[in-house]
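The values are calculated or read from the model by the stated rules, or taken from the named source; none is laboratory data. None of the values given here were measured: they were computed from a predicted structure. Backbone-built Cβ (ideal geometry, glycine too); neighbour counts: all protein chains shown.
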Amino acid sequence: MTKKFEFNWQIPVPDLLLQGATFDRWTEEKDNTEFEQNCLFKVDEYGFFIYWKSDGKDGDVIELCQVSDVRSGGVPKDSKLNMNLVNKHGENLEDKSLTICSGTDYININYQHVVCPDAATAKAWKEALREITHNNKISNTCPRTNLMKHWMRLCFLTDPRGKVPVKVVARTFASGKTEKLVYQCLSELGLPSGKNEAMEKEAFTFDKFYALYHKICPRNDIEELFRSITQGKSDRINLDQFVNFLNEKQRDPRLNEILYPLYDEKRAAEIINTYEQCDEAKNDSMYY
């Protein structure tokens, strides 16, 4: 029988990062400097993002899988910004500072600078962040987990009132689609759908996001596969059909049957018990 493969992609997030802390944040580019005070920085429980939010400002995130380094120190070249930071944090500014380096490649790197309350906090955050970066397994999570990750990102990108802007959600799905379609689907789900509207985070649940995704991006290929298996005679796949699908369609026929045995009813039932969301179907061993 084909054995169950355990794929644990998560690295435990240190409590220090889950609880969060208040830092000052600054960035410096060629023609622009940005200074945001009293930002609450946190890392989510899955280790997907480091995110921050301050009063009166939009929330923002950095994907931890894109963080290439977390360095000690970092002071601005802009004399005015440097003076403001020294006046607030003292001459030991560099000891209290961290630089978070991120990007999709090693050429175009973004530098996010934070100033901690003291040097000990800066050191603790640097070590804790380094523990959960460079997690290669996180790039191989299942599609549903990736959808959850994207939903979490949208929930972090809140406006100054702490709400999720409709335009941010529309921008997510508008690639290849018209924004009008996104607004219509939001309306059908009972969510705010105006371009300049925003929704409460509590109302924008993952189930709502998942339903929105299927409305805008329907998986017709899966529907066709399902109908080909059931021949259009049922709204469920029975256990025999599921075993046959795993062996004839899903399994690579080049695999050695001794090293990689065929699926049987017991293994198929284990898969159903693990992934089936409908309790009625899960309890009925004859259906999937």
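Things to note:
- Qualifying residue in segment 111-130 (condition: without any contact (Cβ under 8 Å) to a residue 12 or more places away in the chain and within 26 Å of residue 15 (Cα to Cα)): yes
- Residue, farthest from residue 266 (Cα to Cα), within segment 220-240, restricted to residues that are polar (S, T, N, Q) and without any contact (Cβ under 8 Å) to a residue 40 or more places away in the chain: 220
- Criterion applied to 10, 112 was being outside any loop (DSSP other than H, G, I, E, B) and either basic (Lys, Arg) or outside the structural domain of residue 162 (by TED's automatic domain parsing) (or both), and the one residue passing it is 112.
- Any hit, segment 129-149, residues being within 21 Å of residue 22 (Cβ to Cβ), within 22 Å of the chain's Cα centre (by Cα), surrounded by 19 or more Cβ atoms within 10 Å (Cβ to Cβ) and in the same structural domain as residue 38 (by TED's automatic domain parsing): yes
- Listed by position, the helices (runs of 4 or more DSSP H) contained in segment 169-288 that have at least 2 residues being out of contact with any strand residue (DSSP E or B) (no Cβ under 7 Å at 6 or more places or on another chain) and more than 22 Å from residue 144 (Cβ to Cβ) are 179-188, 220-230, 239-245, 265-275.
- Scanning segment 63-104 for residues that are in contact with a Ser or Thr (Cβ under 9 Å, 6 or more places away or on another chain) and under 22 Å from residue 150 (Cα atoms) yields 63, 64, 65, 66, 67, 68, 101, 102, 103.
- Criterion: surrounded by 14 or more Cβ atoms within 10 Å (Cβ to Cβ), touching a Cys at 6+ places or on another chain (Cβ under 8 Å) and outside any helix (DSSP H, G or I) - qualifying residue of 75, 70, 61: 70
- Residues within segment 116-150 that are of a type in the set (A, V, I, L, M, F, W, C) and closer than 25 Å to residue 6 by Cα, tallied: 5
- Selection from segment 257-288 of residues that are modelled with pLDDT of 85 or more, surrounded by fewer than 12 Cβ atoms within 10 Å (Cβ to Cβ) and β-branched (Val, Ile, Thr): 258
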